[in-house]
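**Student:** Quick one: structure below, then a few questions.
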Amino acid sequence: MIKNSNIPLAEENLGLVHLCANKFRNRGIEYDELYSAGCVGLVKASKTFDPDRGVRFSTYAVPVILGEIKRLFRDGGTVKVSRSLKELSVKVMTVREQFLREKNREPRISELSNETGCTEEEITEALNCAMPVLSLSPANDGEEERGLDIPVDAHDEAIIDKLALRQALSELDAKDRRLIYYRYFKNMTQTETAKLLSMTQVQVSRQEKKLLERMRAKLIV
């Protein structure tokens, strides 16, 4: 029987929210918002989790938590910045433009700090906020595909990715799971995999592409 409410289970697994939220640090949304969205996902997971399915709660919860965090990026535009930071950015850029007119050169961070009364760290953050947005996704303009790499804590990301990958694999049917297992866990060629699954190499190639696209959509923002 599925539990309608399991708040203690959610409270015991708040660490999962921290792990998931840390994966998206420095991507334009403040950590508190990432954490809040993750908590919503954790509560949702705790309400719908069915232990009789034989899946660990962490395996079930991580994709739900990640889904709520990803929703922030989908619903909030490319980058979401706090109102206070936006206001500071406008102030700093105004002072910068005035300095340029008077001195005919770019002001130093320390000079902007003196003019505004803000710390150099705050000035740097405000200037970064005013910079043009860089896409986190590969370019689609015919040029070589490039992505913006965001540094994260490797051990945290490895844990999250492993749980999310396990969930994505569990949603495939048995034959598709075997295909992925042979190709990426056993490092078999498409021809070897085709023989084991009674398929042709072309069929394996096409199905593998479909499966990877489906799984990638679940694992990437």
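The values are calculated or read from the model by the stated rules, or taken from the named source; none is laboratory data. Predicted model, so just to flag it, every value in this text is computed and none were measured. Note that each Cβ is placed from the backbone with ideal geometry, even for glycine, and that neighbours are counted across all protein chains shown. SASA here: full protein model, heavy atoms, side chains in, ligands and nucleic acids out. Shrake-Rupley method; radii C 1.70, N 1.55, O 1.52, S 1.80 Å.
**Student:** So, in segment 45-85, of the ones that are under 21 Å from Arg25 (Cα atoms) and among the β-branched types (Val, Ile, Thr), which residue ends up modelled with the lowest pLDDT?
**Tutor:** Among residues in segment 45-85 that are under 21 Å from Arg25 (Cα atoms) and among the β-branched types (Val, Ile, Thr), the one modelled with the lowest pLDDT is Thr78.
**Student:** Test Ala45 against the stated conditions and say whether it is touching a Leu at 6+ places or on another chain (Cβ under 6 Å) and either surrounded by 16 or more Cβ atoms within 10 Å (Cβ to Cβ) or in a helix (DSSP H, G or I) (or both). Step through it out loud before you land on a result.
**Tutor:** Details: touching a Leu at 6+ places or on another chain (Cβ under 6 Å): no; either surrounded by 16 or more Cβ atoms within 10 Å (Cβ to Cβ) or in a helix (DSSP H, G or I) (or both): yes.
Here the answer is no, as Ala45 does not meet what is asked.
**Student:** Here is a further query. If you scan segment 92-111, which residues turn out to be assigned to a helix (DSSP H, G or I), open to solvent by less than 60 Å² (accessible area, probe 1.4 Å) and not hydrophobic (A, V, I, L, M, F, W, C)?
**Tutor:** Within segment 92-111, Arg96, Ser110, Glu111 meet the criteria.
**Student:** Only one of Leu14, Leu88, Leu42, Leu9 is modelled with pLDDT under 80 and touching a helix residue (DSSP H, G or I) at 6+ places or on another chain (Cβ under 9 Å). Can you tell me which?
**Tutor:** Working: Leu14 fails: modelled with pLDDT under 80; Leu88 fails: modelled with pLDDT under 80; Leu42 fails: modelled with pLDDT under 80.
It is Leu9.
**Student:** Somewhere in segment 35-58, is a residue under 17 Å from the mean Cα position of the chain (by Cα), among the charged types (D, E, K, R) and within 19 Å of Glu12 (Cβ to Cβ)?
**Tutor:** Initial filter on segment 35-58 (under 17 Å from the mean Cα position of the chain (by Cα)): 35-42.
Still in the running and among the charged types (D, E, K, R): none.
No: zero hits.
**Student:** While we're on this one: Look at Tyr31 and say whether it is within 15 Å of the chain's Cα centre (by Cα), modelled with pLDDT of 85 or more and either farther than 17 Å from Ala164 by Cβ or of a type in the set (Lys, Arg) (or both). Don't jump to the end; show me each part of the working.
**Tutor:** On the way: within 15 Å of the chain's Cα centre (by Cα): yes; modelled with pLDDT of 85 or more: no; either farther than 17 Å from Ala164 by Cβ or of a type in the set (Lys, Arg) (or both): yes.
No, not satisfied.
**Student:** Which one is least open to solvent (accessible area, probe 1.4 Å) among residues in segment 4-42 that are of a type in the set (Asp, Glu) and part of a helix (DSSP H, G or I)? Working first, answer last.
**Tutor:** Within segment 4-42, the first condition is being of a type in the set (Asp, Glu), and the residues that meet it are 11-12, 30, 32-33.
If we keep only those that are part of a helix (DSSP H, G or I) as well, we get 11-12, 32-33.
Working: Glu11: 122, Glu12: 142, Asp32: 110, Glu33: 53 Å².
Among those residues, the one meeting the criterion is Glu33.
Let's see how each residue does on (1) outside any loop (DSSP other than H, G, I, E, B); (2) surrounded by 13 or more Cβ atoms within 10 Å (Cβ to Cβ); (3) at pLDDT below 70:
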{"site": "Glu121", "(1), (2), (3)": "yes, no, no"}
{"site": "Leu136", "(1), (2), (3)": "no, yes, yes"}
{"site": "Ala158", "(1), (2), (3)": "yes, no, yes"}
{"site": "Val202", "(1), (2), (3)": "yes, no, no"}
{"site": "Gln207", "(1), (2), (3)": "yes, yes, no"}
